[in-house]
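To start, the structure under review is shown below, and the notes come after it.
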Amino acid sequence: MLVKNNSSKIVGISETSILPGDTAKVPNGYEKNPIVLKYIANGTFSVVKSAKSARKDPAVDAGKAEAPQGTGADEARDQQPGA
């Protein structure tokens, strides 16, 4: 299970340290750990969907299809100093 650390503290689980704002995989066997579940319940951790499950979601695919495509000229202009 992938989790994102939403707190301002480093959280250690076994030999894994999750920095504030980072996303990491919870070590095997800790998915149902009461402390991990409490962190998820109180918002310290948020569960992140994996890329594979996001691709299977038709709503995600529909959102990508409707997004406007840039020409690249806007990106080049935005990167110029003083623009």
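The values are calculated or read from the model by the stated rules, or taken from the named source; none is laboratory data. Model, not experiment: these values are computed from the prediction. Cβ sites come from the backbone with ideal geometry, for glycine too, and all protein chains shown count toward neighbours.
Please list, ordered by first then second residue, the pairs with beta carbon atoms under 9 Å, 6 or more apart or interchain, first in the stretch 21-34 and more than 18 Å from Ile10 (Cα to Cα), second exposed (fewer than 14 other Cβ atoms within 10 Å of the Cβ) and among the polar types (S, T, N, Q).
Pairs found: Gly29/Ser14.
Among the helices (runs of 4 or more DSSP H) lying completely within the chain, list those that include at least 1 residues that are out of contact with any helix residue (DSSP H, G or I) (no Cβ under 8 Å at 6 or more places or on another chain) and modelled with pLDDT of 95 or more.
Answer list for the chain: 34-42.
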